[in-house]
Amino acid sequence: MVDDPDFDALVQELWEASRPPQDSVAETHRDYLRSILLNLARGALTRQWTIFSGNNNVYSEGGLMHALGFISRRRVQAILELLESRGELLKVTGKKYQKQGQANLYWASEKLRERLIWVGLQTMSPSSFSIPFLRINDPEESAKNFVWPTDHEDYLDMQTINGFAKDHNWAMKSAIQLVFKHDPFRAGRLHTPFQNLPSRHYKIRINTQINGEPICELDFNANHLRMLLATNQRDVVGSDDAYAAIADEANVERNSVKGFFTVAMNCPSFEKAHHAARETSYRVPYEDCKAVYKAFEAIYPGIQLFSEGINFGVIAQNLEGRILRKVMLQGIQENIFALPIHDAIAVELDHMSWACDAMRVCWEAEMKEIHKGAKAMASTAHG
């Protein structure tokens with residue numbers, strides 16, 4: 001939902017151009033049109049394709065589109081076809097497979113995006129606070145019917161976090177979910193659409209507000225590397241910046257070290273890692289990857305960086321999810337709202353000092369159970 005007169009005018013314009021003759025479905029058509037445009041607005045803002053399925057089954061009870069409020073495929077298709085005919089949408093048709101086909105992808109035209117981007121920032125999803133806050137992506141067979149008991153720590157934490165969050169305001173407001181992969185033990189990162197706002201080339205996210213106040217973002221310095229060292233009972237070598245000693249040893253820029261480690265712990269080999277590092281926004285060249293890995297082995301001999309089994313990056317995601325939950329729960333006790341962003345949080349600028357202390361305390365409380373010498377460092381950015 002959104003409260004914006006210009007958006008209401010756009011909905012009215014398109015509704016009048018496509019209004020079905022039957023009065024009984026005219027208002028449903030308007031509701032669908034509004035919802036489809038709001039989804040396209042978020043896609044325009046976050047530079048993501050918007051997905052709508054053409055499969056009849058998913059509009060029936062128990063199907064994905066039905067769960068999202070779309071129970072008539074015919075009505076959805078009529079609206080999408082209208083937007084296509086006006087040159088407002090680019091469609092990529094999903095491929096058909098024997099068991100389950102891919103959904104269709106839609107991308108708003110430049111003209112429509114210009115009308116929707118500001119709307120996307122203002123969107124709210126109140127209904128998301130009434131659906132499960134925990135989910136498993138691509139579940140294994142044994143986990144397909146898994147449901148968290150209502151007295152489980154994960155369940156209780158997410159109920160508490162969202163019960164507090166729903167009374168606060170931020171861009172693209174939606175419930176905060178705890179997302180696992182394959183089973184209820186792997187990954188376990190906190191997720192909310194806010195984290196998809198552009199933050200690198202276009203500094204949109206950092207220039208939004210929480211409760212009408214400017215924000216700052218805080219993340220952990222070299223988080224996964226520090227976790228890897230802790231699980232191997234090793235301390236960080238050098239300064240407070242865990243990447244600095246490796247950059248000096250390798251004689252490369254710090255960004256090359258960061259870019260390499262961003263992907264390395266999710267790869268089974270150096271070969272895979274250096275290819276992946278080239279594809280990141282850091283564009284780390286092969287020679288830099290080679291120098292960084294050699295420096296890492298020299299400074300921290302005996303630590304296995306790559307794995308053919310469960311990669312350490314998945315383990316680290318679970319740990320950082322647990323840590324950020326602790327930070328958010330501590331904030332609730334002090335009436336401070338914190339938004340998760342991958343391995344970071346966003347808070348009102350006035351709460352920056354509190355957040356730095358809370359992140360360090362919660363990180364070390366979790367990691368010192370593994371290694372007594374484990375230490376955290378938080379870095380900040382603000383608009």
Unmet criterion (only one of (1) at pLDDT below 95; (2) within 30 Å of N145 (Cα to Cα); (3) aromatic (F, W, Y)) for Y202: (2)
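Quick grid of which residues meet (1) touching a helix residue (DSSP H, G or I) at 6+ places or on another chain (Cβ under 8 Å); (2) at pLDDT 95 or above; (3) under 20 Å from A41 (Cβ atoms); (4) of a type outside the set (A, V, I, L, M, F, W, C):
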| residue | (1), (2), (3), (4) |
| --- | --- |
| N57 | no, no, no, yes |
| G69 | yes, no, yes, yes |
| R75 | yes, no, yes, yes |
| G94 | no, no, no, yes |
| E114 | no, no, yes, yes |
| Q122 | no, no, yes, yes |
| S130 | no, no, no, yes |
| F133 | yes, yes, no, no |
| E140 | no, no, no, yes |
Note on segment 19-70: residues closer than 24 Å to A108 by Cβ, outside any helix (DSSP H, G or I) and among the polar types (S, T, N, Q) are Q48, T50, S53, N55
So is R86 within 26 Å of T28 (Cβ to Cβ), surrounded by 16 or more Cβ atoms within 10 Å (Cβ to Cβ) and either outside the structural domain of D31 (by TED's automatic domain parsing) or at pLDDT below 95 (or both) or not? no
Can you find, within segment 98-144, the residue that is surrounded by the most Cβ atoms within 10 Å (Cβ to Cβ) among those that are of a type in the set (V, I, T) and part of a helix (DSSP H, G or I)? V119
All positions within segment 29-48 that are surrounded by fewer than 16 Cβ atoms within 10 Å (Cβ to Cβ) and within 21 Å of the chain's Cα centre (by Cα): R47, Q48
Unmet requirement for Y286, which otherwise passes all of (1) touching a His at 6+ places or on another chain (Cβ under 6 Å); (2) modelled with pLDDT under 95: (2)
From the list G321, G373, which residue is closer than 24 Å to L228 by Cβ and under 16 Å from the mean Cα position of the chain (by Cα)? G321
State which residue is farthest from A187 (Cα to Cα) when the search covers only segment 319-353 and only residues that are acidic (D, E) and surrounded by 15 or more Cβ atoms within 10 Å (Cβ to Cβ). E348
Looking only at segment 255-283, which residues are crowded, with 18+ Cβ neighbours inside 10 Å and of a type in the set (K, R)? K258
Flagged pairs (Cβ under 6 angstrom, 6 or more apart or on separate chains; first in segment 311-324, hydrophobic (A, V, I, L, M, F, W, C); second outside any helix (DSSP H, G or I)) are F312/M265; V314/R186; V314/A187; L324/L190; L324/P340
Quick one: in segment 284-318, of everything that is more than 26 Å from the chain's Cα centre (by Cα) and among the hydrophobic types (A, V, I, L, M, F, W, C), which residue is surrounded by the fewest Cβ atoms within 10 Å (Cβ to Cβ)? A298
Can you give me the number of residues within segment 83-96 that are under 20 Å from N56 (Cβ atoms) and either assigned to a loop (DSSP other than H, G, I, E, B) or more than 25 Å from the chain's Cα centre (by Cα) (or both)? 5
If you check every pair at least six apart or on different chains, which have Cβ atoms under 9 Å apart with a residue in segment 52-77 that is assigned by TED's automatic domain parsing to the domain that holds D31 and on the phi > 0 side of the Ramachandran plot first and a residue that is of a type in the set (S, T, Y) and surrounded by fewer than 16 Cβ atoms within 10 Å (Cβ to Cβ) second? G69/S127
Confirm whether V252 is without any contact (Cβ under 8 Å) to a residue 60 or more places away in the chain, assigned to a loop (DSSP other than H, G, I, E, B) and of a type in the set (A, V, I, L, M). yes
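The values are calculated or read from the model by the stated rules, or taken from the named source; none is laboratory data. Owing to the predicted nature of the structure, the values given are computational and were not obtained by experimental measurement. Methodologically, a virtual Cβ is constructed for each residue, glycine included, from the backbone with ideal geometry; neighbour enumeration extends over all protein chains shown.
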